[in-house]
Amino acid sequence: MVADAPDYARIDGAGLTLVLALARSGGADIVYAGARLPAGEDLAMLAAASARGHHENQPDAPPRPGLLPEAKGGLLTSAAILLRRGAKQVATDLRLSAWQAEPGALTLDLRDEAAGVEVRLDWRMGKGDVIACHTALTNRSAEPLAVEHLASLALPVPRRFMECTSYWGRWAGEMHETRRAIAPDGLTRQSRGGKPGFDGGNWLLLHGAGEECLGAHLAWSGDFATRLECDTAGASDNAAVLQLAAYWQAGEVVLAPGETFTTPEAVFALAPDRSALAQAFHSYARGEVLPQREAWSPRKVHLNSWEALGFDLSEPALMALAEDAAALGIERFVLDDGWFAGRRNDATSLGDWHVSADVFPNGLAPLIARVHALAMDFGLWVEPEMVSPDSDLYRQHPDWCLHLEGCAERPTMRGQLALDMARAEVRAYLFARLDALLREHAIAYLKWDHNRTLFPPGAGQTQGFYALIDALRAAHPQVEIESCASGGGRIDFGVLTRCTRVWPSDNNDAIERLRMIPAWSQFLPLEVLGSHVGPSPNPITGRRLSMDFRAKVAMFGHMGVEADPARMTERERETLAAHIALYKAWRGVLHRGALWRLTHPDPNIAAMMVVHQGTALALAAQTAFSPMFDAAPLRLSGLDPDARYRVSLPEPWPAKAQRYLARPDLWRTGITLSGAALMGQGLALPLTHPETAWLVALERLPE
Ligand code: GLA
């Protein structure tokens, strides 16, 4: 304990306070995490009010996890720091050696002189009262120090949080929620494929009393290790410890004498309910994660060639697709897989990033010129980290892929291998190819894909990916990049400091999206969630859905189209074009406002709304056939109870359901109601038939 350290430190946000006791167990304990406390709060009394007495059969000095639990003192949860020198585990006993508190930030230095280890913990209150934490470790001995595990965040969880929601999924089925009790099992989640994967295990919710919740995330695009462990032996007000860490291969992180290693950042936030938590994460993402968010232009409507043409590409077919796209009001034309080298199917040519002379005898220029003439900009799909065994790149550099030395077999996935991104020459090759493409063509956007898991694993793979994408962004700052990994396999705040969009899933089925968009938007603002109208029947689920339903659902995100307009009926094209126009009119609200998660007594009705400066748009969508003639009214949120709003239902309306509107004339011109009535009583919308979605527009009236 440092001589001049106070006993307590507090970190305040706009609505949140954390209080830490600095004097205990050589580190710091959380004694309070919750709604903002008054300035004069007596922190010693606060600690006394949460202190716990000694029980029989506990260690005489009951262990406390602190902010970096170590394998010492009888603590039965996992250590947040595990180090090794040669074959020997380093038994640390870290003590507070220095501290620094600034408004909204706390830095703690811990030292174990005998072990030659120094640790710095940085906690900072960011935008939206999201707390960002990382850990830095310095090797102060003359021997190399191997890091087996080092948590970015080891949060002693206040005892009132008794349940958690974690996420799981698979390709085309991302972000399923499971809610369960924390005690006694806790939760262990780990990714091993070299990216966060479809499992969503780097996102987590804890639930406290009432609606209160805590959201946590690791901002890292590689493997993670999430642990939520119950502390049954401890004597603190913390029921569990939540650790968020990157997962390192054995020998991946070894510090030379004097060297410092900094973990990726972890973030967490507490909020009174799930809407408030979403808003907190969104303001953090908008203010501190997304690159130059303030300077973004409106999110353009995409048309992507993948579900329209697949590998069946030709200049005339793409020209025709571009014409049809422009007629719908599309603003960005994206050429997906199949444009390069011999890539006429998915078994070949990854790595050969040259425009295919077969598909484009005159190069890409004529297509891009046509796209521009149609007032759209041009985007291109790439998958830089991959190589096909059948490619010139692989034939020239068979050693550039991840492989086991001496092992003849190189197991593929989707017929492809992964490049070793830790190798500077691999990155230099990729930079040269991508840089040339971007210099030679007017490309406004790259869809950066990553379609296989990494086996064998590659040390330094994620750092290599970051180095490449950072170099390209520096050279081409105007190019927007989307993170895709067969859909939502690489979505995190690490990649989102470099990208302006993610591809939440390959599954465009609107009913699946009605589950996924609320799950992703618990953490991510709508403007980064690619949201496309796909074909019907959906190629993945086989489900047929009306255009009206598909288009309304797709509006709540960064809207696009992933289907061939030539295969739509005239009526479908009109409906789609009308919704694209609506999206353009509303994106300023959807992409800047506060998202409210709406609940409805019918579990088959999904609803949400976005409120921005007195204007709001809600979506309510029914997926099943209701047992009632009339669904319960939809209650809105986030409005000023005393203000009056004009409420209308933007057209086009769902074909069948509109028959059940009692006063269509009024819904067209607008009904005037107070915020209190809209939030308390709600709106009686015809929501009893499957595939029925309504948009509700609200405009605050002057006093
Ligand atoms: C991945 C992406 C798709 C598409 C294909 C192309 O699956 O998620 O959107 O780009 O690759 O091969």
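Read-outs: derived from the displayed coordinates by stated rules, not from any lab. These figures come from a predicted structure and were not determined experimentally. Cβ sites come from the backbone with ideal geometry, for glycine too, and all protein chains shown count toward neighbours.
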Phi-derived 3J(HN,Hα) across the stretch 142-152 with the Karplus relation (6.51, -1.76, 1.60, θ = phi - 60°), rounded Hz, x for Gly and Pro, is 8, 9, x, 10, 9, 9, 8, 7, 8, 6, 6
Whole-angstrom gap from the stretch 106-120 to the stretch 609-683, using each part's C-alpha centre = 57 Å
Given the C-alpha centroids of the stretch 144-222 and the stretch 274-315, what is the distance between them in whole angstrom?
-> 24 Å
Rg over Rh, two decimals, the chain (C-alpha only, Kirkwood Rh) | 0.99
For Leu598, the residues 5 or more places away or on another chain with a placed amide H closer than 5 Å to its own amide H are Ala607, Met608, Met609
Using modelled amide H (1.01 Å from N, peptide plane; none on Pro or chain starts), what sits under 5 Å from the amide H of Leu290, excluding residues fewer than 5 places away?
-> none
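Over 19 Å between Cα atoms, which of Lys300/Lys656; Lys447/Lys584; Lys552/Lys584; Lys127/Lys447; Lys88/Lys195; Lys127/Lys552 qualify? Each step should come with its number before you reach the end.
Details: Lys300/Lys656 31 Å; Lys447/Lys584 22 Å; Lys552/Lys584 13 Å; Lys127/Lys447 28 Å; Lys88/Lys195 30 Å; Lys127/Lys552 31 Å.
Result: Lys300/Lys656; Lys447/Lys584; Lys127/Lys447; Lys88/Lys195; Lys127/Lys552 exceed 19 Å.
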May I ask which residue of Phe455, Ile182, Leu649 lies farthest towards the positive end of the charge dipole of the chain, with charges of +1 (Lys, Arg) and -1 (Asp, Glu) on Cβ and the Cα centre as origin?
-> Leu649
What is the antiparallel percent of DSSP beta bridges lying wholly in the chain, to the nearest 5?
-> 85 percent
How far apart, in nm, are the 7 Å Cα→Cβ label points at Ala442 and Leu404?
-> 5.1 nm
Taking R0 as 51 Å, what's the FRET efficiency between Asp185 and Asn345 from their Cβ-Cβ distance, rounded to 0.05?
-> 0.65
For the modelled label position 7 Å from the Cα of Met413 along Cα-to-Cβ, which residues of the stretch 489-511 have backbone nitrogen atoms closer than 16 Å?
-> 489-491, 506
Residue-ordered couplings for the stretch 479-496, obtained by feeding phi - 60° into the Karplus form 6.51 cos²θ - 1.76 cosθ + 1.60 and rounding to whole Hz (Gly and Pro as x), are 7, 8, 10, 10, 9, 10, 9, 6, x, x, x, 9, 10, 6, 6, x, 5, 6
Would you mind checking which residues have amide H under 5 Å from Ser674's amide H? H placed 1.01 Å from N; only 5 or more apart, or other chain.
-> Tyr645
Ordered by residue, what ³J(HN,Hα) values in Hz, to whole numbers, does the stretch 682-698 give under the Karplus form 6.51 cos²θ - 1.76 cosθ + 1.60, where θ = phi - 60° and Gly and Pro are x?
-> x, 10, 7, 9, x, 10, 9, 9, x, 6, 10, 10, 10, 9, 10, 9, 10
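Chymotrypsin sites (Phe, Trp or Tyr not before Pro) within the stretch 625-680: which are DSSP loop residues with at most 11 other Cβ atoms inside 10 Å?
Numbers: sites: Phe625, Phe629, Tyr645, Tyr660, Trp667; in loops: Phe625, Phe629.
Passing sites in the stretch 625-680 are Phe625, Phe629.
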Computed lengthening from Ala250 to Asn57, 0.36 nm per intervening residue step minus Cα-Cα distance | 65.8 nm
Put a dot 7 Å past each Cα toward the Cβ at Glu211 and Glu41; how far apart are the dots in nm?
-> 2.2 nm
